[in-house]
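Here's the structure we're looking at; comments come further down.
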Amino acid sequence: MDKKGINTIEISAAREMHSRTISARFPQRGNANSGSTSLPNSTVLPSASTAASFRKPLPMRHICNNPNNPPCANCGTTIIPSPKASLPLEDNPQITINNWKISTRKKPILNSKELDDWESNKLKGLTLPEMIFGNNEILIENKDKNWGLRFNALDALKEVKLQDSGVRVSYSNKWLDSKHKQKKMDNLDIDASSLKIIHNYDWTYTTHYKGTVFALNGEEQAPYDFHSDDSLQLPIDKLSKPDKILFFDDMILFEDELADNGISILNSKIRVMNERLLLLSRFFLRVDEVLIRVIDTRIYVEFDDNYVMRETKVFEGNYNDILSKHKLSHSHDPKAVLRDSDWVAAHTPLLKRECEFIRFD
Amino acid sequence: MNVDKTILLLKQGKHISEDTVYSLCLKAQELLINEANVTHVDTPVTICGDIHGQLHDLLTLFDKSGGVEKSRYIFLGDFVDRGFYSLESFLLLLCYKLRYPDRISLIRGNHETRQITKVYGFYDEVMRKYGNSNVWRYCCEVFDYLSLGAIINNKIFCVHGGLSPDVDTIDEIRAIDRKQEVPHEGAMCDLLWSDPDEVETWSLSPRGAGFLFGENEVNKFLRTNDIELITRAHQLVMEGYKEMFNGGLVTVWSAPNYCYRCGNVAAVLRIEDDLSKNYTIFEAVQAQDGVGNAIIPTKKTQMDYFL
C-alpha cells in the first residue's frame, strides 16, 4: 500500500506558506496593531479612508473574526472563503455584524468510517446518497440572544422518509413486466421476493429541511422559535439592491445521481451585506422523464432590526410538462435547461408556500 | 494512422482528427469482436475502476502502477462522462488496446451506451470539440463490442456493476449476444447496473428497476463458479476501494476527486501470481499547461446576487 504518513518538514513548510498567503492578503497598515480589539484573535480593520478610498466608506461595523480570507470591504475586496491549502488545514471563514456572527465550513465528502457511523447509527435505515459533504456547514448565530441557525447534511437527511416514496424511474413498469414475463416463460428460479422492494426508503432523498435552530449555550431548547405568518413577503427591493457583498459562500450538502436517472442535490448559499443577509438552501430533484421537484428555503436577516424571516416554497411538476415550456431551444441539447435549477424553479408549478419570522426583543 | 503518434497526442490532450478517430474505432472493433464476453486474463494484473473522462488522473494511474509497457491491466468500464476529457481517455485506452492487445482488457460500464452518454457529458463534449456528433457515433459503435467481464486465473471475476439473478454461472454470461446497445433489462443490463447491499436475498431497488444483491448471492456465485473474489466498480468510494461480505467482493474506484469536487482518493488493485491483493492509492493531479496554468477548471466559488 502506498499510504504514507505526512512528513513533519512538509507540514511546517506548508504551514509557513499558508500563513504567508494569508498575511499577503492584508493591505499594508500604518501600525502593526492598529486594530486592537477586545475580541481575542480578531482584527478590527482600519477605517476605510486609510485602506481603500476607491469605495464609498461604509459605517465601521463589521469584524472579520477569522482573517484567513481575502479582506473585507474596508480593506478593499470581498471575503470569499480562501483557496484550499495543500494540507487539511481547516479554513473556517467568519464575519460578525452587530451581534450576528456568520460562518461557513467546507470539507471533502465523508470517508468510509464516517459513512459507516451515519449508516449504522445516525441515519439508521437509510441507504445514503452517493456524495455527502457531511462536514460542510453554514452557521448564523446571535450571541446576545443565545440563538443560532445551522444548515448541514446530517439534519437534512434526517428528514428523508424511511418509506416508499412512490416515485419510480421511467422504465420501471417495462422492466418489471419483462421480468414477470420472463419468469413465466423460463421458469427461472428467481423467487418472487426478488421483484419486491425489501428495503424501503425515499431514494429521491426529498427533504423539507429548513435549517436547524439551536441554543448557542448547548441547551436543548432554543430561546426563540419562529412564528408562522404566511402573509409575509421577502423584501425583494432591499435584497435586489447591489449592496456590496461582504461575505459569500456556496456549498453542496449532499448529492446523488440516482443511478443515472437524474439528480437529487441539496445546495446552500449565503451572501452577507452591510445591513442584511440572504441564505438560500435549495433541494433540487429531477427524475428523468418522470418528475421535477424544487424545495427552496430562504433565510433573511435584517441586522439592525434583529429580525429573521424564513420562507419555504415547494415546486413540483411533471418532467415533460416542464420541458415543454422550453420551446425556443434549437440547441443540440434541449434538456440543458433542466440542469439549471433557477430556470426549473421559475417554470415549475408552486405547490406550497410558507413563511415565518422571529423578532428578537 | 500511427498509433504511437496518436498516443503521444492524446497524452497531451491534443486534438485528434475525425479521420483518425474513425480508423482507430474501426480497428478497435475488429480486435474486440474476437474477444469473448468474459475474457481470460493471467496474473499479475492491475484492476482499475471508473475513469469518467479524468484523463490526467488516468495518466497518473498508469504512472503509479507500472504502465502498460510493463504491466497487464483490466479496466472495469465507465471510461466516459462527467469529466472533461472523456474522448481522450477512451481513445487512449483504445490505442493501448491496439498497441498492446494482450496487456489490456476493456470491460463495458453502464456509461458506455448511447443513451447515458447523451445525458452525462460525452456527447456534449464531442459536439463541443468537433461541432458534430460523428466521433461520438464511432465511439458508441466500439462500446457495443466491449467485453462484459473478465476472469483472472479462473479465480477472480471482474465486472462493472455486479451480479444478475439471471446468471448463475459464468458460462451463462458467455452465451449473451453482447453486440448491442445495453438493454433496459436482462442479464446484460444487470451486470452493468446492479449494486451490492446489506440484503438477505435478491431485492428490487427502491427506484423500481435494477437489482440489489447481498452476501448470500455473492457466496453462492463464488461457490457455483469455484472462484474466490468478485471485483467490480460502479460506485464511488472515498478511500478508493471497499471490501464487502468477508472479502468476497471488492469495489474499486479509480477517479480521484470525482467530478473535480468530491475530494476522494482513487485506487487500483493489483493481483499477484499467488492471487494476493495489493492496492495502490493515488490522488488527483492539478493538470497544467506548458506555462503552469491550470487547465482543468476548478470549481471556484462564484459570487452572485442570488434572490
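The values are calculated or read from the model by the stated rules, or taken from the named source; none is laboratory data. Fair warning: this is a prediction, and the values are worked out from it, not measured in the lab. Methodologically, a virtual Cβ is constructed for each residue, glycine included, from the backbone with ideal geometry; neighbour enumeration extends over all protein chains shown. Accessible surface areas use protein heavy atoms only, side chains included; no ligands, DNA or RNA. Shrake-Rupley method; radii C 1.70, N 1.55, O 1.52, S 1.80 Å.
Values computed for the structure shown
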read-out	value
Unmet requirement for A:R271, which otherwise passes all of (1) open to solvent by 10 Å² or more (accessible area, probe 1.4 Å); (2) farther than 17 Å from A:A345 by Cβ; (3) of a type in the set (K, R)	(1)
Residues satisfying the stated conditions in the range A:245-254, i.e. at pLDDT below 95 and either open to solvent by less than 10 Å² (accessible area, probe 1.4 Å) or under 12 Å from A:R276 (Cβ atoms) (or both)	A:I245, A:L246, A:F247, A:F248, A:D249, A:M251
Complete set of residues in the range B:155-169 that are touching a strand residue (DSSP E or B) at 6+ places or on another chain (Cβ under 8 Å) and farther than 10 Å from B:E217 by Cβ	B:K155, B:I156, B:F157, B:C158, B:V159, B:H160, B:G161
Residue under evaluation A:H330, criteria (1) part of a strand (DSSP E or B); (2) at pLDDT below 90, criterion not met	(1)
Qualifying residue in the range B:32-43 (condition: open to solvent by 10 Å² or more (accessible area, probe 1.4 Å), farther than 30 Å from B:S276 by Cβ and at pLDDT below 95)	yes
Selection count, the range A:141-161, where residues are outside any loop (DSSP other than H, G, I, E, B) and farther than 19 Å from A:Y205 by Cα	6
For B:R174: the one exception among (1) touching a residue at least 40 places away in the same chain (Cβ under 8 Å); (2) surrounded by 21 or more Cβ atoms within 10 Å (Cβ to Cβ); (3) under 19 Å from B:I156 (Cβ atoms)	(2)
Qualifying residue in the range A:293-304 (condition: open to solvent by less than 20 Å² (accessible area, probe 1.4 Å), within 12 Å of chain B (Cβ to nearest Cβ) and polar (S, T, N, Q))	no
Selected residue (criterion: surrounded by the most Cβ atoms within 10 Å (Cβ to Cβ)) from residues of the range A:91-132 that are away from chain B (no Cβ under 13 Å) and in a loop (DSSP other than H, G, I, E, B)	A:L123
Within the range B:215-244, considering residues that are modelled with pLDDT of 95 or more, crowded, with 18+ Cβ neighbours inside 10 Å and touching an Asp or Glu at 6+ places or on another chain (Cβ under 7 Å), the one farthest from B:D197 (Cα to Cα)	B:L222
The range B:104-137: number of residues that are of a type in the set (A, V, I, L, M, F, W, C), open to solvent by less than 20 Å² (accessible area, probe 1.4 Å) and over 12 Å from B:V80 (Cα atoms)	4
Hey, B:V199 touching a residue at least 60 places away in the same chain (Cβ under 8 Å) and either of a type in the set (A, V, I, L, M, F, W, C) or surrounded by 19 or more Cβ atoms within 10 Å (Cβ to Cβ) (or both) or not	no
Qualifying residue in the range B:63-81 (condition: part of a helix (DSSP H, G or I) and open to solvent by less than 10 Å² (accessible area, probe 1.4 Å))	no
Selected residue (only one of A:S231, A:S170 is small (G, A, S) and within 10 Å of chain B (Cβ to nearest Cβ))	A:S170
Pair list, Cβ < 7 Å and 6+ apart or interchain, from the range A:195-210 residues that are more than 8 Å from chain B (Cβ to nearest Cβ) and in contact (Cβ under 8 Å) with a residue 60 or more places away in the chain to residues that are of a type in the set (A, V, I, L, M) and assigned to a loop (DSSP other than H, G, I, E, B)	A:T204/A:V167; A:Y205/A:V160; A:T206/A:V160; A:T207/A:V160
Complete set of residues in the range B:71-107 that are among the charged types (D, E, K, R) and farther than 22 Å from B:G240 by Cβ	B:E88, B:K97, B:R99, B:D102, B:R103
Residues being out of contact with any Phe, Trp or Tyr (no Cβ under 7 Å at 6 or more places or on another chain) and open to solvent by less than 10 Å² (accessible area, probe 1.4 Å) - total across the range B:152-163	6
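Residue-wise test of (1) away from chain A (no Cβ under 11 Å); (2) more than 29 Å from B:E217 (Cβ to Cβ).
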residue	(1), (2)
B:E243	no, no
B:L249	yes, no
B:N257	no, yes
B:N264	no, no
B:E272	yes, no
B:S276	yes, no
B:F282	no, yes
B:V285	yes, yes
